[in-house]
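Asker: Here it is, the structure, as structure tokens.
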Amino acid sequence: MTKIPETLLGLLSEYSPTGSESAAVEWLVQRMAALQFDQSFIDGAGNAVGIKGSGNKQIVFLGHIDTVKGEIPVRLEDDCLYGRGSVDAKGSLSAFVDAVAAVSVLPEWQVVVIGAVDEEGDSKGANYIIDYYHPQMAIIGEPSQWNRVTLGYKGSQPAMITYRQPLTHSSQGGSANDVLLGAWQELLQRVKAFNQGKTMFEQIIPTVLDLASMSDGFEMRANIKAGTRLPVSISPQVWLEEWLGALHGVEISMLSTGIPAYQADKNSVLTRAFLGAIRDAGGKPGFVNKSGTSDINLVAPVWGCPAVAYGPGDSNLDHTPNEHLALSDYDHSVQVLITMLKILGFSS
């Protein structure tokens, strides 16, 4: 009979959509205490935190404990464990906890595991811990498959594009909707030219999130709510000012602060340690860049240390009703993390 790892099973059994993470956080804090972490507690943002070691050099494992909505009954089918968050990203967080629990931390080091809240929302958990920790290295828990390391995440910038004009009879043509859609098509043509010959990670990916128009009897207003995934070469500010700002006659409003893209150094000591650990576990290592964003976009630029994302699972299953994790992949990822810590000299 297949044995389900206790940390993984316990976390999946505590359904924790964004905003309702407290029961899962309390369970994880108790679990880390039972696994002999030196400290385990709930911080001021509601994150679950576990610490081993008391040295003055840190490595931070930052996972997230919240999930999207849509509870999936936890069940095992062959080697696959189904449950909301099994891939995104309780599998990664559980692997962090189990790997750190399995090692002895050397005196000069401190290893911190964080189960952050609100990653699927506004990242309140990650924003809270940015100034509390000053690690030499950081691993963010997101699915990459056990034999791959995620180096990059795209940036994002949501914006509202608005066009206003005096109300005219439809027989005259050229409504505010027509003008705004024309401006959007102009933008897409410019984006298409920019994207030519580039990889997905290097491209600009704009998406219409909502279309609306309204009239007060005197003026017609048309709005496009747009979300845009940005490459490293285009910052949110550049997108707003030099791309959207170049559209003639429209108003641009920023809906929230943009998030710059992030890409790690594939030759850093952290990345090399992961590659060695994956090979040691019998895998052929690889790199991946993702089109979404994660907490690494927030913490890595501030911490200024080597940082990558890693965790078991197929990210194509994120947020789906079929979300599941192969337990063999989970076991491999725990072993990779243990070996990586030893290669880096954090543990014995």
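Asker: Could you tell me which of the residues L317, L270 is in contact with a Leu (Cβ under 9 Å, 6 or more places away or on another chain), of a type outside the set (V, I, T) and at pLDDT below 95?
Answerer: Exactly one of L317, L270 is in contact with a Leu (Cβ under 9 Å, 6 or more places away or on another chain), of a type outside the set (V, I, T) and at pLDDT below 95, namely L317.
Asker: If you don't mind, there's one more thing I want to ask. Given the conditions (1) out of contact with any strand residue (DSSP E or B) (no Cβ under 6 Å at 6 or more places or on another chain); (2) touching a residue at least 24 places away in the same chain (Cβ under 8 Å); (3) surrounded by 15 or more Cβ atoms within 10 Å (Cβ to Cβ), which single one is not true for W27?
Answerer: (2) is the only condition that W27 fails.
Asker: Hey, another quick one. Quick check on this structure: which one of P107, P73, P17 is within 20 Å of G345 (Cα to Cα) and either open to solvent by 10 Å² or more (accessible area, probe 1.4 Å) or in contact (Cβ under 8 Å) with a residue 40 or more places away in the chain (or both)?
Answerer: After applying the criteria, what remains is P107.
Asker: Taking only pairs six or more apart or across chains, which ones have beta-carbon atoms under 9 Å, a first residue in segment 174-190 that is free of Cβ contacts under 8 Å to residues at least 60 places away in the same chain, and a second residue that is in a helix (DSSP H, G or I)?
Answerer: R190/W243; R190/A246
Asker: Same structure again: Please work out which one of (1) over 21 Å from H324 (Cα atoms); (2) open to solvent by 10 Å² or more (accessible area, probe 1.4 Å); (3) modelled with pLDDT of 95 or more is the condition S54 fails and give its number.
Answerer: Exception for S54: condition (3).
Asker: Right, something else. Among the numbered criteria (1) open to solvent by 40 Å² or more (accessible area, probe 1.4 Å); (2) in contact with a strand residue (DSSP E or B) (Cβ under 7 Å, 6 or more places away or on another chain), which single criterion is violated by E241?
Answerer: With (1) open to solvent by 40 Å² or more (accessible area, probe 1.4 Å); (2) in contact with a strand residue (DSSP E or B) (Cβ under 7 Å, 6 or more places away or on another chain) applied to E241, the lone miss is (2).
Asker: Of the conditions (1) open to solvent by less than 30 Å² (accessible area, probe 1.4 Å); (2) in contact with a Pro (Cβ under 9 Å, 6 or more places away or on another chain), D265 clears all except one; give me its number.
Answerer: Going through (1) open to solvent by less than 30 Å² (accessible area, probe 1.4 Å); (2) in contact with a Pro (Cβ under 9 Å, 6 or more places away or on another chain) one by one, D265 breaks only (1).
Asker: Could you please find all residues in segment 171-207 being open to solvent by less than 40 Å² (accessible area, probe 1.4 Å) and closer than 30 Å to L151 by Cα?
Answerer: L187, V191, N195, F201, I204, P206
Asker: Among what's in segment 76-100 and is within 19 Å of A138 (Cβ to Cβ) and either surrounded by fewer than 18 Cβ atoms within 10 Å (Cβ to Cβ) or among the small types (G, A, S) (or both), pick the residue that is nearest to the chain's Cα centre (by Cα).
Answerer: The residue in question is A89.
Asker: Yes or no: T7 β-branched (V, I, T) and open to solvent by 20 Å² or more (accessible area, probe 1.4 Å)?
Answerer: no
Asker: Still on this model: Does Q36 qualify as being surrounded by fewer than 16 Cβ atoms within 10 Å (Cβ to Cβ) and within 18 Å of V334 (Cα to Cα)?
Answerer: Values: surrounded by fewer than 16 Cβ atoms within 10 Å (Cβ to Cβ): yes; within 18 Å of V334 (Cα to Cα): yes.
When the stated conditions are applied, Q36 passes them.
Asker: Go through L209, L230, L244 for me and flag whichever is touching a residue at least 60 places away in the same chain (Cβ under 8 Å) and either among the charged types (D, E, K, R) or farther than 12 Å from L187 by Cα (or both). It would help to see each step written out before you state the result.
Answerer: Working: L209 fails: touching a residue at least 60 places away in the same chain (Cβ under 8 Å); L244 fails: either among the charged types (D, E, K, R) or farther than 12 Å from L187 by Cα (or both).
On inspection, the qualifying residue turns out to be L230.
Asker: Turning to a different aspect of this structure: For S215, state whether it is over 30 Å from S123 (Cβ atoms), open to solvent by 40 Å² or more (accessible area, probe 1.4 Å) and more than 26 Å from the chain's Cα centre (by Cα).
Answerer: Against the criterion (over 30 Å from S123 (Cβ atoms), open to solvent by 40 Å² or more (accessible area, probe 1.4 Å) and more than 26 Å from the chain's Cα centre (by Cα)), S215 qualifies.
Asker: Here's a follow-up. Which residues, counting only those in segment 307-348, are surrounded by fewer than 20 Cβ atoms within 10 Å (Cβ to Cβ) and part of a loop (DSSP other than H, G, I, E, B)?
Answerer: D314, D318, H319, T320, P321, N322, G345, S348
Asker: Can you tell me which condition D210 does not meet? The list is (1) closer than 30 Å to R272 by Cβ; (2) in a strand (DSSP E or B); (3) open to solvent by 10 Å² or more (accessible area, probe 1.4 Å), and all the others hold.
Answerer: (1)
Asker: Among the hydroxyl-bearing types (S, T, Y), modelled with pLDDT under 95 and open to solvent by 30 Å² or more (accessible area, probe 1.4 Å): does that describe T168? Explain how you work it out, then say what you get.
Answerer: On the way: among the hydroxyl-bearing types (S, T, Y): yes; modelled with pLDDT under 95: yes; open to solvent by 30 Å² or more (accessible area, probe 1.4 Å): yes.
So T168 fits the description; yes.
Asker: Here is a follow-up. In segment 45-77, which residues are of a type outside the set (K, R), farther than 10 Å from G125 by Cβ, out of contact with any His (no Cβ under 6 Å at 6 or more places or on another chain) and part of a loop (DSSP other than H, G, I, E, B)?
Answerer: The answer is G53, S54, G55, N56, G70, E71, I72, P73, V74.
The values are calculated or read from the model by the stated rules, or taken from the named source; none is laboratory data. Just so you know, these numbers come straight off a predicted model, no measurement behind them. Neighbour counts run over all protein chains shown; Cβ positions are idealised from the backbone, glycine included. Quick note on the areas: whole protein, heavy atoms, side chains included, nothing else; ligands and nucleic acids left out. Shrake-Rupley method; radii C 1.70, N 1.55, O 1.52, S 1.80 Å.
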